[in-house]
Structures are given as C-alpha cells and as structure tokens.
1. Hey, can you rank 379-386, 152-159, 274-281 by average C-beta count inside 10 Å, highest first?
2. For the range 192-332, with every protein chain kept in place, what is the accessible area per residue (1.4 Å probe, Å²)?
3. For the range 369-458, what is the accessible area per residue in Å², given a 1.4 Å probe and the full set of protein chains?
4. Take the solvent-accessible surface of the protein heavy atoms, probe 1.4 Å, and return the percent of it on the range 196-350 that carbon and sulfur atoms account for.
5. Roughly how many Å² is the accessible area per residue of the range 49-119, as a whole number, for a 1.4 Å probe?
6. Can you tell me which of 388-398, 445-455 comes out highest on packing, and rank the rest after it, using the mean Cβ neighbours within 10 Å?
7. So which of 333/497; 295/412; 202/412; 254/387 end up more than 21 Å apart by C-alpha?
8. So how much slack lies between residue 143 and residue 122, counting 0.36 nm per residue of separation and subtracting their Cα-Cα distance, in nm?
Amino acid sequence: MAEALSDDDKSDSIDSVVPADKEEATDDDSGEGDIINSAKKIRASDLSYEKVNVFSDGKCAEEEAVNYNNFKWTCCKINDTEQGTKKYYKCNFKRGSNCPAKIYLLFHANNFEVTLFQAIIQHDHITESEQIGIRIELKNVIVKLFQNGYTTPKAILSELDKLKIIQPKASQIASFLATLRKKLYGPAQISLNYIKNWCIGKSIVPTDPDECFVANYYIKDDDDDPLFRLFVTTRNLIKNCLNSNHICADATYKLIWQGYPVLIVGTTDKQCAFHPFGIALCINEKTSDFEFMFKSVQLTVEKLYNISYCPIILVADASGAITNGFINIKKMKAELRRDIEFMQLIKNETIFDAAIKLFQQKWKAKECPLINNFIDYFINEWYMSNKGWFEGFAIGYPSSNNALEATNGTIKSLYTFRERLPVGEFLSVLENDIIHQLSRERNTDDPITSQNVKAFANVPSINLSLWTSTNHWIKEEREKLLYNQQNVKWCDFDIMKNEQLSFWECEFLNESENWTKSSAARYKLCSIPLEAKNIPLGQKRKRGRVAKAKKALIVQ
C-alpha cells in the first residue's frame, strides 16, 4: 500500500483540491453560479466529509477503501467533477442493513494522487431498512405452490389472487423461481463431464430396493459428435424381469428442454398393467440407443441375479401410423379399413399369409392408381418389414403398447408438469422423483404403500361382468361348427373374411389357468359364481354393490 502523505507536507496542495463539505448528488460541477442548482445539490444529501488519507497510487487506495476501518464497503456511484473523479462507497455490514456511513475516493484531475474522505456520521448496524424483493412469508407460499405444480409466474400470480395475497412483480417471481430451481435441482446448464461424474457417483448398487442407481452409461466426449447414454433403475424395478419373457419399449419426448428422447423399457402382466424395468436417457433415438438400453437390462439382471435374461417377444411401435397411408376416397376407405381390421384379428400365421395375398388381389383389381400406391406401401411396410401386428403372431402377449404410453403420460403430468426440463434438472427429477416413485409403487414389502401397491399379476382376474356375459353365452342356442384350420385354400378375400368371422375357436390349456375359465365353464371345468346368474338373459346388471345374500330356500 502506498505511504500516506502527511498533512504538513501536503496541506497546501490538499486544501487546493478538497471539494465542498457537502456531498454532491449530480454529475455536473460546473460552478457557473446557479444558486438554485447549488441549493439542490446541498439538499440532496446533508452529509459532511472530512479528509482521512492521501495515496500516491489509485490501486492501493481502492484496496484500502473496500476494507476501511475493518468494515466492508461497496461502491455505489461514481461522479466526474472538475476536481476529479469521485468514487463513493457505502457501508455494507449485512444484507438489508441501513447504515448511513459513507466514504469516497477523489482521483485528482491535476495529479496522480488519490484522497480518501469519510462522512462525519456514526455507523448504524441496528436499524433495518425496508425489505427489497419478495417477503419471506410470501416466498414460503410460492415454494408450496411450486411443489403443487404451479411452476410459472402466471400460474402463481393467479393462485395468489385466489388467496387474496398482495402480488409481487412477475419479474420478481421469475427471478425467485430460477433461484429455487437451481437450489432444488442443481444447475440447468451442464457438460458431459458433469454427466460423467454424476453417473460415476450413482453407479454403486444401493441396499435400499427403491433407491435409484445408474446401471450402465456410455459417454463420448467428442467436439464434432458428442454422445451420452445412461440407464437408471432400482432393485425393485429390475426384479420384474424375472416374471416375464416379453418386453415393451418406447421413446417419449417433451420431457427435456434440449429435445432429447427418454427411452422406457418394461413389461406387462396378465392384467395388462405396465411395469417398468428402468429409464434410459440418450441424445438420439436410433437402433444403437435401444440396443444400449436392452443390453443394460441384460447386464443388470445378470449382475444382480446371476441369470441370463433373454426375452422372446418385443412390443414396440413401427415406423409410421397406418392411418397415414389411407387414401381419401370416401366410398372405399371404410371398406379398406374393415379389411385391415379383420386381418389384425387373425390368430394363425398361415391364415394371415393367405389373407395378405387375397387382400392384395382384391384391391389391385380396382385398377385405381391411388389404391395401388397404398397397397404397395402397405405390403412393403406392414407385411415385408413389420409383420407382427396381427393377434396370432404372439398369443398370450399384449397387442399394443397402451400401458407403456399411459406411463409416459403419467410422467409428464405428475413429475415434469408438462414442461421441458434442462438435462441437469431432469437428472435430479429422474433420480429423486420418477424412478423412486415407480419403484415405491411396486414395493410389496413396504407397509406404508402396501394398501395401494401395484403387484405383478401373473394371472388375469375375471370380473363379475365377464362371468355374467359368459353365463348368458352358454344359455343361448348356437350352431356348432366344425372347422379344419388346415384348409386355407380360399379364392376370394370376402368369402374368407365371412367364414373366419362366423365362428369362434377356443383353445383350452389346463384347468389351473384362470384365463380359460370363461369358456371352460361350458365344459364343467369351472363353476360360475352365483351372483353372475341373477341377471335374466338380455338384461344388464344395475349399478351398485352386488347383493351377497342368497335367495330364499337356498342354503347359504
């Protein structure tokens, strides 16, 4: 620090440049004799200053000013005058304090000296100033609203209006929400190195069955083509692999602000309820990304249970919706749709192959260019490339991914509130909310969630409505048909369709399988509940609880 000059040596020079004893509130110090302006300057601040020290170097003077008398000082304004530049500092004892103490540095215009002046006033660290920004009580209300799904300033202002609470500025709420998100979920902008460290920290398999961990990850740190893939799960979720030999996979969007897809893999039970194995986060939705997710499931099962997991059925979406290929011909569109819906119900691959050939012959005979184009598209896309869309392709397995799609909708509505989150924030939500809650919902050992647990159903349940319909079907008189399914030599598609839709074929597995009970009742392989027989033929069951008491003269 530069050595301060003595008052005796520099009294003349200092007195010649010392400003007026009143702090000036404007940048203009022209001295043109404007009495009104001079009065305004004096009335702007009634502080008087005294000279404290003189420095020969500006840098040393600023270092001394910020820690003068062991207080913390911050620069509040800078004025340019004829005497030089004045840099004012205020006492910043703590946030919200209203201390009146001030100092300023005068950088002389005619030399390189810097003079420190102090206001003749005592420090006041007791009096609190008026709070700037949102009150603490209101911040607590905003935090509760944020946790309840009101995540935008507009939504929060609307709820504050309903609660009859004085509203702050929308910009203040937006600033507070940005700080709150960073505190709860971490930084929004992250790097590949951050993702790598996050994966390494979560790679240890925990003992808690509902705690999230990273089962597998791959990161390619390349400036031209950066890439990352990660798969997260819990012990409770990956355990569902032991109950099924088919998997459902799909990708969903609109979860991450950067537009990255979120891949979900799982299975369905006999009640068609979806049970996820885990969630993968990737940059793309390519074959290699799905291969990474499937491989991660296999490696995790082998690591935890020492079992080689090899599913035989994959339920997934094809490239495009079949309705996109329909032509806009009103008279033929309905018939074409019905023919395709019929082929979807075929339960035998041999019959399906025959139906495709007859279907092609029927519609090619129309000699319509638009129909021919659609038939060519349909054969190439939905027969040559994607053949497994008819019911008989995998009997006993789900025909659609509706259960998985419903899980995607639940994630968007409950956990991200239909917002696209940055990757850093989504990783925190994925670990603490999505994966943890999906695992807790399926934890059969937890007494807290045991009442509403989503247990894996190995057999389907038959409701009372199905039993009633079965009883009515048995009592109705029907013509018995004998059919040899090896006879597939049809010459016309419509004849084949009418013949196939004119009968039902039932295949009985064994007496212990619950899904054959509705048909096996006719062959006395199972009994229909008594309450299902109380409804006359042709009538529907009334609303309300079913009567448990039996009628008179029936031993209960």
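1. Details: 379-386: 14.2, 152-159: 16.0, 274-281: 25.4.
Going by the mean number of other Cβ atoms within 10 Å, highest first, we get 274-281, 152-159, 379-386.
2. Details: 7050 Å² over 141 residues.
Per-residue accessible area for the range 192-332 comes out at 50 Å².
3. Values: 4510 Å² over 90 residues.
Heavy-atom accessible area per residue stands at 50 Å².
4. Working: 3850 of 7810 Å².
Within the range 196-350, the accessible surface is 49 percent carbon and sulfur.
5. Values: 3610 Å² over 71 residues.
Per-residue accessible area for the range 49-119 comes out at 51 Å².
6. Details: 388-398: 15.1, 445-455: 11.4.
With the highest mean Cβ count within 10 Å placed first, the list reads 388-398, 445-455.
7. The pairs that break the limit, which is 21 Å between Cα atoms, are 295/412; 202/412; 254/387.
8. Numbers: separation 21, 0.36 × 21 = 7.56 nm, distance 3.96 nm.
Extra length available between residue 143 and residue 122 comes to 3.6 nm.
The values are calculated or read from the model by the stated rules, or taken from the named source; none is laboratory data. This structure is a prediction, so every number in the text was calculated from the model and none was measured. Ideal geometry is used to build each Cβ from the backbone, glycine not excepted, and the neighbour counts take in all protein chains shown. Just so you know, the surface numbers come from the protein's heavy atoms only, side chains and all, with ligands and any DNA or RNA stripped out. Shrake-Rupley method; radii C 1.70, N 1.55, O 1.52, S 1.80 Å.
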